[in-house]
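Trainee: Here it is, the structure in full.
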Amino acid sequence: MDRRTDRGQATRQRLIEVATELFADRGYEGTSIEAVLERAGVSRGSLYHHFASKERLFEAVVEAVHAQVGEATLAAATASGETEAHGLLKAAELAWIRLAGDPVVRRILLIDAPTVLGWRRWRDIEEQAGLGMLKQVLQQAATAGRVPVELVDPFAHILLATGNELALVIALADDVTAAQESAEAAVDEFLTRLLRPPEAG
């Protein structure tokens with residue numbers, strides 16, 4: 001039974017990996033179930049055992065890519081060596097902005113996901129992936145007296161929306177490098193102003 005479960009999980013992971021490559025390269029509309037089956041080397045029955053439809057497969061891909069983005073942003077914040085809220089948020093936001101230029105992130109999360117999954121489901125996944133970390137860091141800032149404690153939740157939503165909007169700007173830009181540089185400067189300035197110590201006025 002354990003070996004069968006392991007094989008099933010391996011097949012599911014293989015399907016997600018292959019679908020990620022195809023969705024990133026061809027987009028949702030340009031990717032057929034047949035193409036996924038052919039590249040993954042699995043049967044149609046195996047695919048439908050794990051995913052009821054192409055949309056459900058895409059949703060699993062979105063969740064997997066979001067998880068990878070979350071891990072990368074958390075790693076960036078940790079590696080920054082920052083302990084203050086401004087530094088942690090800046091490191092995480094900049095990591096997300098840089099990831100927005102990645103073809104997989106750009107096509108799957110920022111272009112296709114809102115349309116294919118619908119705004120509400122897309123936002124649910126977005127919030128699960130990033131909102132908790134933002135609230136945690138902002139709570140730290142509130143404890144230090146840098147933001148009002150009653151505004152931690154709305155500020156977290158504002159920062160999530162800000163990061164996503166900048167990521168979309170980068171994803172759709174003709175000059176991705178220039179858009180990233182501009183976004184990074186804006187994030188730094190915005191967070192510096194938002195989280196400045198009370199005595200700074």
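The values are calculated or read from the model by the stated rules, or taken from the named source; none is laboratory data. Note that this is a predicted model, so its numbers are computed, not measured. Here Cβ is always computed from backbone atoms with ideal geometry, including for glycine, and neighbour counts include all displayed protein chains. Please note that ligands, DNA and RNA were not included when accessible areas were found on the heavy atoms of the full protein model with its side chains. Shrake-Rupley method; radii C 1.70, N 1.55, O 1.52, S 1.80 Å.
Trainee: When only the heavy atoms of the protein chains count and the probe is 1.4 Å, how do Trp119, Trp96 rank by accessible area, highest first?
Mentor: Trp119, Trp96
Trainee: How high is the FRET efficiency from Arg39 to Thr192, r the C-beta distance, R0 41 Å, rounded to 0.05?
Mentor: E between Arg39 and Thr192, to the nearest 0.05, is 0.30.
Trainee: I would also like to ask the following. How far, in degrees from 0 to 90, does helix 54-79 lean away from the longest principal axis of the Cα atoms of the chain, to the nearest 10?
Mentor: 40 degrees
Trainee: Quick one: accessible surface of Asp188, probe radius 1.4 Å, all protein chains present, in square angstrom to the nearest 10.
Mentor: Near enough 50 Å² of accessible area.
Trainee: Additional query: In whole Å, what is the distance between the alpha-carbon centres of the range 183-197 and the range 73-118?
Mentor: For the range 183-197 versus the range 73-118, the Cα centre distance is 16 Å.
Trainee: How far is helix 152-172 tilted, in degrees, relative to the longest principal axis of the Cα atoms in the chain, given as a value from 0 to 90 rounded to the nearest 10?
Mentor: 60 degrees
Trainee: Quick check: at a probe of 1.4 Å, how many percent of the accessible area of the chain sits on carbon and sulfur atoms?
Mentor: About 51 percent, which is the carbon plus sulfur part of the accessible surface.
Trainee: What is the Cα radius of gyration of the chain over 2.2 N^0.38 Å, N being its residue count?
Mentor: Normalised Rg, Cα atoms only: 1.17.
Trainee: Taking only Cα atoms, what is the 0 to 90° angle, nearest 10, from helix 2-26's long axis to the longest principal axis of the chain?
Mentor: 70 degrees
Trainee: Could you tell me whether the range 1-82 comes out rounded, prolate or oblate from its Cα gyration tensor? Rule is a ≥ b ≥ c as square roots of the eigenvalues, rounded for a/c under 1.5, then prolate if a/b exceeds b/c, otherwise oblate.
Mentor: In terms of gyration-tensor shape, oblate.
Trainee: Additional query: Among Ala100, Ala171, Ala40, determine the one that fluctuates most according to a GNM of the chain built with springs between C-alpha atoms less than 10 Å apart.
Mentor: Sorting by GNM fluctuation, first place goes to Ala40.
Trainee: Give me the 1.4 Å probe accessible area per residue for the chain, excluding ligands and nucleic acids, in Å².
Mentor: Heavy-atom accessible area per residue stands at 53 Å².
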